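One structure is given here, and the rest of the page talks about it.
Read-outs: derived from the displayed coordinates by stated rules, not from any lab. These numbers were taken from a predicted model, which means no experiment stands behind them. As a convention, Cβ positions derive from the backbone with ideal geometry for all residues, glycine included, and neighbour counts pool all protein chains shown.
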Amino acid sequence: MKSEIRKDYIQEKYVIIAPQRSERPHDVSISGSKSMGDTDDNCPFCPKRVRSNKIIFAVGNKKHASQLVLKNKYPAVDLHNQKAYGTQEVVVETPYHNRHLEELPLRDISALLHTYSKRTEALERISGIHYIIVFKNNGGEAGASLKHAHSQIFATGFVPPLLLDKSRKVFEYRLLHGTCVYCDTITKEAKGPRLVYKDDNIIAFAPYASRYNYEIWIMPLRHLDNIKKLTHSEHASMAKILQHSLKKIKILGLPYNYYFHQVVNDTDQHLYMKITPRGSIWAGVEVGSGLVINPVSPEDAAKYYRN
C-alpha cells in the first residue's frame with residue numbers, strides 16, 4: 001500500500017497512512033508493562049493502604065470492594081480553585097496489584113463501565129462542571145505513574161477548544177445532511193474493511209484516519225450522548241470487545257490510553273470510546289506540523305483485531 005493522506009470524519013485533522021514506515025530500522029524499543037507481585041505494601045491502591053475516608057464510591061463492601069473510586073491525591077483542578085475549577089477521581093479497577101484490566105472477568109469489566117456511568121452522573125450535578133473525560137493510561141509511555149490497574153475521571157468547567165470545534169462541526173453536518181455524522185459513520189464502517197466487531201448493541205472499528213497504531217473506536221449503535229445512558233446489555237457488549245481489544249494490544253506489547261469525551265451541555269454528541277495504543281513516538285513532523293504519520297493502516301489494524 002502506498003502512502004495516503006486521510007482526513008478525520010468531521011474535524012480538520014489529517015494523517016498520513018504510511019505502512020512502509022514500519023520497515024524502518026529501530027534500536028529503541030517501546031516496552032509493555034512488566035509482571036508484578038500479588039500485593040505491594042507501598043502501593044496506595046492496594047486494600048491495606050486505602051483509607052476509608054478517601055473512598056467516594058465502592059462496588060461491594062468498602063473493605064472487600066471489587067472496585068473503588070477515590071479522591072485524586074494530586075489533582076490538577078479543584079472545586080475551590082476558580083482559576084482551575086474541577087475535580088479528579090481515581091477508579092481502582094481491582095484490589096489485586098498484579099491483575100491487568102483485560103485479565104478481569106467480563107462481569108467486572110462491565111461493572112467498571114457501570115461505575116464510570118454512576119460517577120459521570122454524580123459529577124454532572126456539580127454546579128459549573130461542563131466537561132468530563134473518563135480515561136485510562138496503561139504503561140509509562142502512555143502516562144501511567146502507578147502500576148496497579150486504575151483509570152481516572154477528570155471533570156472541569158473548561159470545555160477544550162478541540163471539543164467545541166467538534167460540537168460545531170457535528171451541528172453543521174446535521175444542518176447539511178439531517179443526520180448524525182457518527183451514525184452515518186457506523187453505517188459505512190459496518191460494511192467495510194475496517195470493521196472489527198458488531199453485535200446488537202455496539203460496533204468496533206479502526207477509524208479511517210487513525211492517528212495511532214492499532215487505534216480502535218467502540219460505539220453504541222444507539223445515538224447516545226452520555227455514558228450514563230448505556231444499558232446493562234450495552235455495558236456487557238462493550239466489556240466484551242474492550243477485553244478482546246486490550247488482550248490483542250497486550251500481545252503487541254504496547255502501552256495504551258483509552259477515553260470517553262463528554263461535553264455536559266451537548267445533548268447531540270454521539271458517545272464513543274477511543275483506544276489509542278502508543279506504538280509510535282511522535283517526532284519532528286508530528287510535533288512541528290500537527291500532521292501525523294501512522295505506519296499501520298487501519299485496514300491492517302482491523303484485520304489484526306479480527307483474527
With -39,500 (n - 2.57) per DSSP H segment of 4 or more residues and division by the full residue count of the chain, the 222 nm estimate, nearest 500 deg cm²/dmol, is -8500 deg cm²/dmol
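Which FRET efficiency value, to the nearest 0.05, is calculated for residue 5 and residue 56 with the Förster distance at 41 angstrom and r the Cβ-Cβ distance?
On the way: r = 45 Å, r/R0 = 1.10.
With R0 = 41 Å, the Cβ-Cβ based efficiency is 0.35.
Determine, from the Cβ-Cβ distance of residue 83 and residue 268 and an R0 of 22 Å, the FRET efficiency 1/(1 + (r/R0)^6), rounded to the nearest 0.05. Intermediate values should be presented prior to the final figure.
On the way: r = 30 Å, r/R0 = 1.38.
It comes to 0.15.
Could you calculate, for the chain, the ratio of the Cα radius of gyration to the Kirkwood radius, expressed as Rg to Rh? Write out the running numbers ahead of the final one.
Details: Rg = 19.4 Å, Rh = 20.3 Å.
When Rh is taken as the Kirkwood radius, the ratio is 0.95.
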Gap separating the Cα centres of segment 223-290 and segment 138-208, nearest whole Å: 6 Å
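Taking K and R as +1 and D and E as -1, what net charge do the other residues with C-beta under 13 Å from the C-beta of residue 168 add up to? Please report the intermediate quantities before stating the final value.
Details: positive: 166, 169, 174; negative: 12, 165, 172, 266, 268.
Once all neighbours under 13 Å are counted, the net charge is -2.
Quick one: which of 105-115, 71-81 comes out on top by average Cβ neighbours within 10 Å, and what's the full order, highest first?
Details: 105-115: 18.5, 71-81: 12.5.
So the order, starting with the most tightly packed, is 105-115, 71-81.
Could you calculate the FRET efficiency of residue 14 with residue 251 from 1/(1 + (r/R0)^6), where r is the beta carbon distance between them and R0 is 30 Å, rounded to 0.05?
Once rounded, the FRET efficiency stands at 0.50.
Could you pull out every whole DSSP H run in the chain that spans at least 15 Å of Cα extent along its own axis and averages -0.5 or higher on the Kyte-Doolittle scale? Show your work: numbers first, answer last.
Details: long enough: 106-124 (27 Å, -0.40); 161-177 (24 Å, -0.28); 232-252 (30 Å, -0.20).
The answer, listed by residue number, is 106-124, 161-177, 232-252.
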Name the chymotrypsin sites (Phe, Trp or Tyr not before Pro) in segment 87-186 that are in a loop by DSSP and that have at most 15 other C-beta atoms within 10 Å, would you? 158
